[in-house]
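A quick write-up on the structure given underneath.
The values are calculated or read from the model by the stated rules, or taken from the named source; none is laboratory data. Please read these numbers as outputs of a predicted model, since none were measured by experiment. Cβ placement follows ideal geometry from the backbone for every residue including glycine, while neighbour counts extend to all protein chains displayed. Please note that ligands, DNA and RNA were not included when accessible areas were found on the heavy atoms of the full protein model with its side chains. Shrake-Rupley method; radii C 1.70, N 1.55, O 1.52, S 1.80 Å.
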Amino acid sequence: ANYLQHGSQRQIICAWRGCGKSFITSAFVLWKLLLDPQLNILVVSASKNRADDFSQFCLRILSELPLLQHLYPKDAQRQSKISFDVAPALASHQPSVKSLGIFSQLTGSRSSIIIADDIETSSNSQTQLMRDRLSEAVKEFEAILMPDENSRIIFLGTPQCEFSIYNKLQERGYKIRYWTARYPSEIQLKNYASNLTPIIGNTWTHDLIGKPTEPSRFDEKDLLEREASFGRLGFNMQFMLD
């Protein structure tokens, strides 16, 4: 949440599976709308259903959290899981929050903040042709983004292959930060360099190598079971982001 608030204009949050990336970013989206109800936020995922789940969760929180209930859409405003407005928003072609699939019709949308939530999956990154298609689709974000001081493009994800799009995005000026499920080895620590989140990097010691970074979420036994199930290569990629 701290990195979402204070991170760069183009950032990548790379964290292990089940870390809560989408949940925390939903809270960030609603917090931004609480501060400025005129913002337009676009949520893009690999599948349309996944993006819709994000916006539907945000809409439900508006109805249930007393702090945010004044933002719940009025009868004359959009209020579906595909797109919705917040009550104080002025009339606009663009809704306050809108959800789309990465290969759907992005052209014509305009947004102050773009959330790319798990756009890379094992099914759309299997071949080089698929990865190239995904890489080209992501370039459309630059055309959608509104030119103002609030403009942000935020990627949330977990690498699905060795040639992950998250590696390619760093060449385009995106800043990446890693949250690993275990404390990394010395070699991994050097590979992550300054991109490892400080909450792990600043508490790292030799004694902690291989220990869970968030034992209340996944303890040592749970991670061992997942490593056995995923295999070492898959585990290192999806839980250690290596």
| remark: Cα-based Rg/(2.2 N^0.38 Å) for the chain, rounded to two decimals, is 1.05
| remark: Quarter of the surface of the C-alpha convex hull for the range 155-226, i.e. direction-averaged projected area in nm², equals 5.6 nm²
| task | Treat every Asp and Glu Cβ in the chain as -1 and every Lys and Arg Cβ as +1, leave all other atoms uncharged, and give the resulting dipole magnitude about the Cα centre to the nearest 20 debye. | result | 240 debye
| note | Long-range amide H partners of Val43, meaning residues 5 or more apart or on another chain whose placed amide H is closer than 5 Å, are Lys98, Ser99, Leu100, Ile115
| request: Tabulate in residue order the Karplus-calculated ³J(HN,Hα) for the range 100-115, using 6.51 cos²θ - 1.76 cosθ + 1.60 with θ = phi - 60°, rounded to whole Hz; enter x for Gly and Pro. | output: 9, x, 4, 9, 8, 6, 7, 4, x, 7, 9, 8, 7, 10, 10, 9
| note | So, for the Cα atoms of the range 108-242, Rg and Dmax in Å stand at 16.8, 53
| Where Lys and Arg each count +1 and Asp and Glu each count -1, what net charge lies around Gln188 among other residues with Cβ under 14 Å from its Cβ? | +2
| query | Taking only Cα atoms, what is the 0 to 90° angle, nearest 10, from helix 220-230's long axis to the longest principal axis of the chain? | reply | 90 degrees
| field | 3J(HN,Hα) from dihedral phi, the range 157-168, Karplus parametrisation 6.51/-1.76/1.60, rounded to Hz, x for glycine, proline | value | x, 9, x, 10, 7, 5, 9, 4, 5, 5, 6, 5
| Using modelled amide H (1.01 Å from N, peptide plane; none on Pro or chain starts), what sits under 5 Å from the amide H of Phe155, excluding residues fewer than 5 places away? | Gln11, Ile12, Ile13, Ala116
| message | Can you give me the accessible area per residue for the range 34-169, using a 1.4 Å probe, in Å²? | response | 47 Å²
| query | Can you give me the Cα centroid spacing of the range 191-222 and the range 102-130 in angstrom? | reply | 30 Å
| message | Taking all protein chains in place and a 1.4 Å probe, what share, in percent, of the accessible surface of the range 121-224 do carbon and sulfur account for? | response | 51 percent
| field | Per-residue ³J(HN,Hα) for the range 72-88, Karplus 6.51 cos²θ - 1.76 cosθ + 1.60, θ = phi - 60°, Hz, x for Gly and Pro | value | 4, x, 7, 4, 7, 9, 5, 8, 10, 6, 7, 7, 8, 10, 8, 3, x
| said: Using a Gaussian network model on the chain with a 10 Å cutoff between Cα atoms, which of Lys81, Lys139, Lys98 fluctuates the most? | reply: Lys139
